[in-house]
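This report concerns only the one structure given below.
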Amino acid sequence: MGCWLCNLVKSGQWGSKIFWQDEICTLTDCRICGRPMVIYNKHDHPSRKDINHMLKIKDDFYGSAPITTSPGRDHWGFHIETKWWEGTYSDF
Ligand SMILES: [Zn+2]
Ligand SMILES: [Zn+2]
């Protein structure tokens with residue numbers, strides 16, 4: 001299957017691509033807009049518990065940085081709006 005997020009999750013390549021990964025979610029840079037994002041590993045909607053887990057990962061890495069929803073079609077997830085991107089964000 002040609003889903004780049006699934007391929008990334010499966011590859012488990014830490015470093016420039018993956019900053020965190022566990023059985024539920026992956027923290028990585030969005031290939032489309034470059035902002036960090038947390039994505040659910042599966043093509044499914046996460047449970048409330050899994051969502052809380054994903055928000056906790058965000059808090060651990062980025063503190064109170066706000067989130068916006070992911071443009072990904074198949075994976076539930078969200079972008080993290082870091083300071084770096086303030087003022088430079090635009091809808092593409
Ligand atoms: Zn996928
Ligand atoms: Zn993006």
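The values are calculated or read from the model by the stated rules, or taken from the named source; none is laboratory data. These numbers come from a predicted model, not from an experiment. Heads up, the Cβs are rebuilt from the backbone with ideal geometry, glycines too, and the neighbour counts pull from every protein chain shown.
Name the residues in the stretch 21-42 that are among the β-branched types (V, I, T) and within 15 Å of ligand 2 (Cβ to nearest atom), would you? If the condition is that a residue be among the β-branched types (V, I, T) and within 15 Å of ligand 2 (Cβ to nearest atom), then T26, T28, I32, V38, I39 are the ones that fit.
All of W4, W20 fail the test of being surrounded by fewer than 20 Cβ atoms within 10 Å (Cβ to Cβ) and under 20 Å from T82 (Cβ atoms), apart from W20. Number of residues in the stretch 1-29 that are of a type in the set (A, V, I, L, M, F, W, C), more than 14 Å from ligand 1 (Cβ to nearest atom) and outside any strand (DSSP E or B): the value is 1.
Step by step: first the residues of the stretch 45-72, then only those that are of a type in the set (D, E, K, R) and closer than 22 Å to G12 by Cα, then the one that is nearest to ligand 1 (Cβ to nearest atom). Which residue is that? Once the filter is applied, the top-ranked residue is D50. Of all the residues in the stretch 30-44, those that are under 20 Å from T82 (Cβ atoms) and either away from ligand 1 (no atom under 13 Å from the Cβ) or buried (at least 22 other Cβ atoms within 10 Å of the Cβ) (or both) number 9. For first residues located in the stretch 52-74 and under 19 Å from Q21 (Cα atoms), partners that are of a type in the set (D, E, K, R) and in a helix (DSSP H, G or I) and lie 6+ apart or on another chain with Cβ distances below 9 Å form the pairs I67/K58.
Taken as a whole, the structure places M54 among residues that are surrounded by 12 or more Cβ atoms within 10 Å (Cβ to Cβ), in contact with a strand residue (DSSP E or B) (Cβ under 6 Å, 6 or more places away or on another chain) and modelled with pLDDT of 95 or more.
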